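Colleague: Following this message is one structure expressed as structure tokens.
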Amino acid sequence: MIMNIDLSRGSIIRVSGPARVDVVEGKVLLVGAMYGKGSSIVVHRVRSYGLKALEDTKLKVTLGSGARVEQPNEGEEVVDDWLKIAEEVSNSGRRPITAVVIGPVESGKTTLTAFLANYMIQKNMKVALIEGDIGQEDLALPSTIAMTIPRKTFVWQRELSADYFKFIGYTSPQYCYGIVIKALGDLLAKAFSLGAEAVVINTDGWVNSPQALDYKLSLVRWLKPTHVIVLDEYLAEVFKSALPPQVEVIRAPRPAKVRERSREERRKLRSEAYASYFKNAKERVLKLNEVRIIGSCVLSGKRINPESLINELGLSSDTASNIVYASLYGNVINIVLSDLAKGINLSSNRYELNVVKESDFRGYLVGILNSELEDVALGILKEVCFTDNIIKILTPWDGEISALVMGRIKLTNNYEDFVRVGKCVI
Ligand SMILES: Nc1ncnc2c1ncn2[C@@H]1O[C@H](COP(=O)(O)OP(=O)(O)O)[C@@H](O)[C@H]1O
Ligand SMILES: [Mg+2]
């Protein structure tokens, strides 16, 4: 459906995608960027935005299935407040600017991050964007954090690609926040070294518990931002009272009516992101005894000869022949059984045992490091074949692989992810 819409200067509409907005006459502001006559803006499926006419404007809006254009009620849209915040941050005189965006899930963090970045890009500042929400796939894949220096304004971070990223291996910050903070700090330093005058950092939406607040305050402590922009009144109070005045805490209102995403839609967005990353991936075959592996309780451990377990575990030699690999990692003996093994029960009085099958490795997402221990790509573990001493991974990366980092995320053949937290099993 096509709608022709006339807007008088200053008026605001809300557009829910999938839609294309052509500016026929006038000028509009969307996600912090200005679009003049002749521009065309794509509002993606599952996204909605407030659009403000900066002049008397004529729009041609093409709506896809489920899309709509609405007149917001008084107080529902936040464009003017966000614009004031963007002005305040960019005019603060602090250089370089580091602005951290904090808020609950679905409060508008990603959009406000884009808004601030776009606004400062249009002020001709060199802006870096850091995606610190490891649960989302906006700039890079879930379980990673990423940085980019966008060359032009954008609507949704999905239009950009990451210049640098760090594989974290989890999609919830509870399990890894020290690493997230370290990785964010490294990317921030990288952005500065590339000459960024402003860095806008998005964070995850975990804010509703004492641990979550500890984490967010630690994050601010270590990143030392000039501005913290908080999409929640209560949280803003917490940050204001906890942080010294050098860190300017600004409360931002959240949009009252947004296009909500169902669990299914979120899952689909994630699998689309994985599918797109791995679309040109090839299989790489590595020697198990040559590649270094971090974060795998089975493969990072000290290899032990299954024969030596015969006495310890009271095994029959028949049972022992089903063990394709064994390792000692801390106080745990890891045993990998052949997929053909059936009905084998193992126990030890002295050690904790972790018994897995050869096929249990399949599907794990791994980070790939070069010899400087820098993240260069992601891969999917296709197979670990202990008898042939090889490990196969699927990755778009064709350069040097110095080490693999195992995470806790497994992908199905259709790129649906599931997360295995808790004790290390693989
Ligand atoms: N000003 C706005 N008006 C209407 N919807 C908005 C506005 N800003 C963001 N949204 C929509 O709200 C939803 C959540 O926003 P998002 O920025 O993804 O939040 P978060 O990153 O906190 O989860 C998205 O669908 C987004 O398109
Ligand atoms: Mg987000």
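The values are calculated or read from the model by the stated rules, or taken from the named source; none is laboratory data. Small disclaimer: the values here were computed from a predicted structure and weren't measured. Heads up, the Cβs are rebuilt from the backbone with ideal geometry, glycines too, and the neighbour counts pull from every protein chain shown.
Colleague: Within segment 277-293, does at least one residue satisfy the condition of being more than 16 Å from ligand 1 (Cβ to nearest atom), within 30 Å of L328 (Cβ to Cβ), under 20 Å from the mean Cα position of the chain (by Cα) and in contact (Cβ under 8 Å) with a residue 60 or more places away in the chain? Break it down into steps so the answer makes sense when it comes.
Modeller: Going residue by residue through segment 277-293, those that are more than 16 Å from ligand 1 (Cβ to nearest atom) are 277-293.
Now narrow it down to the ones that are within 30 Å of L328 (Cβ to Cβ): 284-293.
The next check asks that each one be under 20 Å from the mean Cα position of the chain (by Cα); those that pass are none.
Within segment 277-293, not a single residue is more than 16 Å from ligand 1 (Cβ to nearest atom), within 30 Å of L328 (Cβ to Cβ), under 20 Å from the mean Cα position of the chain (by Cα) and in contact (Cβ under 8 Å) with a residue 60 or more places away in the chain.
Colleague: Here is a follow-up. Scan segment 252-276 residue by residue and report those that are in a loop (DSSP other than H, G, I, E, B), under 23 Å from E137 (Cβ atoms) and in contact (Cβ under 8 Å) with a residue 12 or more places away in the chain. Show your work before the answer.
Modeller: Taking segment 252-276 as the starting set, the residues that turn out to be in a loop (DSSP other than H, G, I, E, B) are 252-262.
Next cut, under 23 Å from E137 (Cβ atoms) only: 254-255, 258-262.
Listed by number, the residues that qualify are R254, P255, V258, R259, E260, R261.
Colleague: If you take the residues of segment 31-62 that are under 29 Å from the mean Cα position of the chain (by Cα) and surrounded by fewer than 20 Cβ atoms within 10 Å (Cβ to Cβ), which of them is farthest from ligand 1 (Cβ to nearest atom)?
Modeller: S40
Colleague: Shifting gears a bit: Can you work out which of the residues in segment 158-173 that are touching a residue at least 60 places away in the same chain (Cβ under 8 Å) and not aromatic (F, W, Y) is surrounded by the fewest Cβ atoms within 10 Å (Cβ to Cβ)?
Modeller: Only one residue tops the list, namely S172.
Colleague: Restricting attention to segment 66-104, and to residues there that are within 15 Å of ligand 2 (Cβ to nearest atom) and closer than 15 Å to E131 by Cβ, which single residue is surrounded by the fewest Cβ atoms within 10 Å (Cβ to Cβ)?
Modeller: Of everything passing the filter in segment 66-104, G103 is surrounded by the fewest Cβ atoms within 10 Å (Cβ to Cβ).
Colleague: Among the numbered criteria (1) more than 12 Å from ligand 1 (Cβ to nearest atom); (2) touching a residue at least 24 places away in the same chain (Cβ under 8 Å), which one does R68 miss?
Modeller: Just one mismatch for R68, condition (1).
Colleague: Would you check if there is a residue in segment 217-227 being surrounded by fewer than 19 Cβ atoms within 10 Å (Cβ to Cβ), part of a loop (DSSP other than H, G, I, E, B) and more than 16 Å from ligand 2 (Cβ to nearest atom)?
Modeller: As a first pass, look at segment 217-227 and keep what is surrounded by fewer than 19 Cβ atoms within 10 Å (Cβ to Cβ): 217-218, 221-222, 224.
Among the residues that remain, those that are also part of a loop (DSSP other than H, G, I, E, B) are: 224.
Next, from what is left, pick out any that are more than 16 Å from ligand 2 (Cβ to nearest atom): 224.
So far as segment 217-227 goes, yes, one or more of its residues are surrounded by fewer than 19 Cβ atoms within 10 Å (Cβ to Cβ), part of a loop (DSSP other than H, G, I, E, B) and more than 16 Å from ligand 2 (Cβ to nearest atom).
Colleague: Step by step: first the residues of segment 116-143, then only those that are over 22 Å from A273 (Cβ atoms) and touching a helix residue (DSSP H, G or I) at 6+ places or on another chain (Cβ under 6 Å), then the one that is farthest from ligand 2 (Cβ to nearest atom). Which residue is that?
Modeller: My answer is K123.
Colleague: Taking segment 115-134 as the region of interest, how many residues are more than 21 Å from R95 (Cβ to Cβ) and either of a type in the set (F, W, Y) or more than 8 Å from ligand 1 (Cβ to nearest atom) (or both)? Outline the logic, then answer.
Modeller: First, pick out the residues of segment 115-134 that are more than 21 Å from R95 (Cβ to Cβ): 131-134.
Keeping just the survivors that are either of a type in the set (F, W, Y) or more than 8 Å from ligand 1 (Cβ to nearest atom) (or both) gives 131-132, 134.
Residues that pass the stated criteria total 3.
Colleague: When residues of segment 346-364 are filtered for being assigned to a loop (DSSP other than H, G, I, E, B), touching a Ser or Thr at 6+ places or on another chain (Cβ under 9 Å) and either of a type in the set (S, T, Y) or surrounded by fewer than 11 Cβ atoms within 10 Å (Cβ to Cβ) (or both), how many remain? Show your work before the answer.
Modeller: First pass over segment 346-364, keeping only residues assigned to a loop (DSSP other than H, G, I, E, B): 346-351, 362-363.
This time we only want the ones that are touching a Ser or Thr at 6+ places or on another chain (Cβ under 9 Å), so: 346, 363.
Still in the list and also either of a type in the set (S, T, Y) or surrounded by fewer than 11 Cβ atoms within 10 Å (Cβ to Cβ) (or both): none.
Counting residues in segment 346-364 that are assigned to a loop (DSSP other than H, G, I, E, B), touching a Ser or Thr at 6+ places or on another chain (Cβ under 9 Å) and either of a type in the set (S, T, Y) or surrounded by fewer than 11 Cβ atoms within 10 Å (Cβ to Cβ) (or both) gives 0.
Colleague: Which residues, counting only those in segment 298-319, are more than 20 Å from V425 (Cβ to Cβ) and in contact with a Leu (Cβ under 7 Å, 6 or more places away or on another chain)? Reasoning before the result, please.
Modeller: Narrowing segment 298-319 to residues more than 20 Å from V425 (Cβ to Cβ): 305, 307-308, 310-312, 314-319.
Passing the criteria: only L315.
Colleague: A further question on this structure: Please find, among V291, V249, V258, the residue that is under 30 Å from R68 (Cα atoms) and hydrophobic (A, V, I, L, M, F, W, C). Talk me through it step by step, then tell me what you get.
Modeller: On the way: V291 fails: under 30 Å from R68 (Cα atoms); V249 fails: under 30 Å from R68 (Cα atoms).
After applying the criteria, what remains is V258.
Colleague: Among the residues of segment 191-211, how many are buried (at least 18 other Cβ atoms within 10 Å of the Cβ) and either charged (D, E, K, R) or within 16 Å of ligand 2 (Cβ to nearest atom) (or both)? Give the derivation first.
Modeller: Residues of segment 191-211 that are buried (at least 18 other Cβ atoms within 10 Å of the Cβ), as a first pass: 191, 196, 198-207.
Within this subset, residues satisfying the condition of being either charged (D, E, K, R) or within 16 Å of ligand 2 (Cβ to nearest atom) (or both) are 200-207.
Residues flagged as buried (at least 18 other Cβ atoms within 10 Å of the Cβ) and either charged (D, E, K, R) or within 16 Å of ligand 2 (Cβ to nearest atom) (or both) within segment 191-211 amount to 8.
Colleague: A further question follows. Please go through segment 145-157 and give me each residue that is surrounded by fewer than 24 Cβ atoms within 10 Å (Cβ to Cβ), within 16 Å of ligand 2 (Cβ to nearest atom) and β-branched (V, I, T), ordered by number.
Modeller: Selection gives T148, V155.
Colleague: Now, a different point. Exactly one of (1) of a type in the set (A, V, I, L, M); (2) away from ligand 1 (no atom under 14 Å from the Cβ); (3) at pLDDT 95 or above; (4) crowded, with 24+ Cβ neighbours inside 10 Å is unmet by A140. Its number?
Modeller: Failing condition for A140: (3).
Colleague: Which residue pairs have Cβ atoms closer than 6 Å, lie 6 or more positions apart in sequence or on different chains, and pair a first residue in segment 182-211 that is without any contact (Cβ under 8 Å) to a residue 40 or more places away in the chain with a second residue that is more than 16 Å from ligand 2 (Cβ to nearest atom)?
Modeller: Pairs that qualify, where the first residue is without any contact (Cβ under 8 Å) to a residue 40 or more places away in the chain and the partner is more than 16 Å from ligand 2 (Cβ to nearest atom), are A183/K166; G185/W222.
Colleague: Can you name the number of the only condition in (1) touching a helix residue (DSSP H, G or I) at 6+ places or on another chain (Cβ under 9 Å); (2) within 16 Å of ligand 2 (Cβ to nearest atom) that S107 fails?
Modeller: (1)
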